[in-house]
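Participant: What follows is a structure written as structure tokens; I'll ask about it next.
Each reported figure results from applying straightforward, stated rules to the coordinates on display, with no laboratory input. Since the structure is predicted, the reported quantities are computational estimates derived from the model, not experimental observations. Virtual Cβ from ideal backbone geometry, glycine too; neighbours counted across all protein chains shown.
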Amino acid sequence: MRSEANRVPPTPHIESEIDPLEAVIVHRPGSEIEQMTPERAGLLLYNDIVPLSAVSEEYGSLVDVLSRDAAVFEIADLLAASLDDESTRAHLLDRICAAPPADGRRAELESMSAADLAQVAITGLRTAPRSLEDYLDTRTYDIPPLPNLYFMRDAGFAYRDRVSISAMAHPVRDAEAAINSAVFFALRSRSGGRFAALFDGSETAVRDDRSGSAERTFRIEGGDVHIISSSLLAVGISERTSAQAVDRLCAQIGQAWGEPVTVIACLLPAQRSCIHLDMVFTRIDADCALIHEPVVRGPSAMRTVRIDIEPGREPSVREGGPLLEALSAAGCDLKPVVCGGSDIVHQQREQWLSGTNAFALAPGRIVVYDCNRYTLDELDCAGFRIVTAASYAGEADSAGGTGSAHSAGSGQPTPSRRIAITLPGAELARGGGGPRCMTLPLRRR
């Protein structure tokens, strides 16, 4: 991975999930992973504890692949660089200290160096009992560590020339959105205001915390937002994203650019395996998508609602039909590649292991987990050449570092040149996400 620690990321520009990647933000799992105990795994939204050594090694393969194609920025570096600015520091602390017991440690946090504060925001701050009540309290941290931070997509996303900070469904993840908010707050200031936010969901969390309300009717996470094109989005309505937030997203889109945009809202089933849309659907080329068949098509296919946004008018809302048909009616025809193949048992197992959660480096050039072998067979049948991360790195070196399977910016499917790059991911998958979850694309060509 080439170091981007001292560089300022480019301004955002994302018009589809598959355009050639230029810049991406990631977070390599660190000691925050080792603070999770079996008793707390469920509270922290994990299926199980994961060993840091294995997760870090697997994650390293992802970063190696990404760095062949794009500038890779580490969120911890961006945060530390941002916190030298007092207004950015206050922006972060207003959010992570919104409620006790963190509020009682604010003065201590304000006195820290930028590097130390960035580390504490990610790895946590242990309790410092100052009374008998504090001493007898069973909590371990005043500021909890963030073992989910490496799923960077959840806490924010870029669309066109703007960024959105997620309104997290679970309070244990609010600090992730707060970190993104602080980083983009600083980047916007440094850029002279050249980009803006569609919305900042971390503000919603602050209001919820200070009011003592546990209700989160406004929630939206990046795993549910798929940018099909500059004028077409697919957005999941799930346990992590609410209809109220999608209405807000549509309103903000209508105000931001003054152009027609269509949003296909996908009503995901209330199942642990379907927490985000990218767990059942991911576009992987100009004309195809990975799908979890039982949810996307057939008799049990999820319902969709089509929302047409026209400047100066009330949105038009109507039934959309099954997802692939709804996208086709909106101008995007996608052939399905079925996660797990035709066997329902393999479908369920590999979908649980993030088999649909692929990340596109360019049209038809995707990153997937190697543990989903029946999905890899389906990709092979769809014309994807299956290569390991190490093999891909070698190809990229011999080709001058491009690793390209397509003409830059063509956006056209070239089935004979498709590539699926496999990552070791058995331990990462236990964390509940795949390559798309772990990447926050900032700019695509």
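Participant: Just in the stretch 313-376: which trypsin sites (Lys or Arg not before Pro) are loop by DSSP and have at most 16 other Cβ atoms within 10 Å?
Facilitator: Working: sites: ARG313, ARG318, ARG349, ARG365, ARG373; in loops: ARG313.
The qualifying sites are ARG313.
Participant: Work out the length of the dipole vector of the stretch 21-444 about its Cα centre, built from +1 on the beta-carbon of each Lys and Arg and -1 on the beta-carbon of each Asp and Glu, and round it to the nearest 20 debye.
Facilitator: Details: 41 positive and 56 negative charges, 155 e Å.
The calculation lands at about 740 debye.
Participant: Now for a separate question. I need the calculated FRET efficiency for the pair ASP247 and VAL172, taking r as the beta carbon distance and R₀ as 30 Å, to the nearest 0.05.
Facilitator: Efficiency for this residue pair is about 0.70.
Participant: Another question, then. When a footprinting reagent is the concern and you count Cβ atoms within 10 Å, what order do PHE218, PHE151 take, fewest first?
Facilitator: Numbers: PHE218 19, PHE151 27.
Arranged by neighbour count, lowest to highest, PHE218, PHE151 become PHE218, PHE151.
Participant: If each residue's Cβ is checked for other Cβ atoms within 10 Å, how do ASP19, ASP64 rank with the fewest at the top? Before the final figure, lay out the partial values.
Facilitator: Numbers: ASP19 23, ASP64 17.
Neighbour counts put them in this order, fewest first: ASP64, ASP19.
Participant: While we're on this one: Only helical DSSP H runs with n ≥ 4 go in: add -39500 (n - 2.57) per run for the chain, normalise by residue count and round the 222 nm mean residue ellipticity to 500 deg cm²/dmol. Provide the component values of the computation, followed by the final result.
Facilitator: Details: 16 runs with 148 residues, N = 445.
That calculation yields -9500 deg cm²/dmol at 222 nm.
Participant: In which sequence would VAL50, VAL120, VAL225 go, from the one with the fewest C-beta neighbours within 10 Å to the one with the most? Spell out each step's value before the answer.
Facilitator: On the way: VAL50 23, VAL120 19, VAL225 26.
Ranked by crowding around the Cβ, least crowded first: VAL120, VAL50, VAL225.
Participant: Continuing with the same structure: Which FRET efficiency value, to the nearest 0.05, is calculated for SER87 and ARG385 with the Förster distance at 60 angstrom and r the Cβ-Cβ distance? If you can, show how the numbers build up before the last one.
Facilitator: Values: r = 49 Å, r/R0 = 0.82.
Rounded to the nearest 0.05, the efficiency is 0.75.
Participant: Among ILE122, THR140, MET152, which residue has its Cα positioned farthest towards the positive end of the charge dipole of the stretch 108-153, with +1 placed on the Cβ of Lys and Arg, -1 on the Cβ of Asp and Glu, and the dipole taken about the Cα centre?
Facilitator: MET152
Participant: GluC sites (Glu not before Pro), restricted to the stretch 196-298: which are DSSP loop and have at most 13 other Cβ atoms within 10 Å?
Facilitator: Working: sites: GLU203, GLU215, GLU221, GLU239; in loops: GLU215, GLU221, GLU239.
Qualifying residues, ordered by number: GLU215.
Participant: Which residue, THR282, LEU267, SER316, has the largest displacement toward the positive end of the dipole of the chain when charges sit on each Cβ (Lys, Arg +1; Asp, Glu -1)?
Facilitator: Farthest towards the positive end: SER316.
Participant: Follow-up. Pairs of Cα atoms under 8 Å, at least six residues apart: use those to get the relative contact order of the chain, whole percent. Please list the in-between numbers first.
Facilitator: Details: 983 pairs, mean separation 94.1, N = 445.
For the chain, the relative contact order is 21 percent.
Participant: Let's test the formula: R0 of 51 Å, r as the Cβ-Cβ distance of ARG313 and SER53. What FRET efficiency results, to the nearest 0.05? Present the calculation step by step, with values, prior to reporting the outcome.
Facilitator: On the way: r = 55 Å, r/R0 = 1.09.
So the FRET efficiency works out to roughly 0.40.
Participant: Still on this structure, please answer the following. Find, among the trypsin sites (Lys or Arg not before Pro) in the stretch 60-169, those assigned to loop by DSSP (not H, G, I, E, B) with at most 16 other beta-carbon atoms within 10 angstrom. Present the calculation step by step, with values, prior to reporting the outcome.
Facilitator: Values: sites: ARG68, ARG89, ARG95, ARG105, ARG106, ARG126, ARG130, ARG139, ARG153, ARG160, ARG162; in loops: ARG130, ARG139.
Taking the stretch 60-169 and a limit of 16 other Cβ atoms within 10 Å, the loop trypsin sites (Lys or Arg not before Pro) found are ARG130, ARG139.
Participant: Here are some values of semi-axes √(5λ) of the Cα gyration tensor in Å: (i) 63, 28, 17; (ii) 33, 25, 22; (iii) 30, 27, 25. Which one was computed from this structure?
Facilitator: Correct label is (ii).
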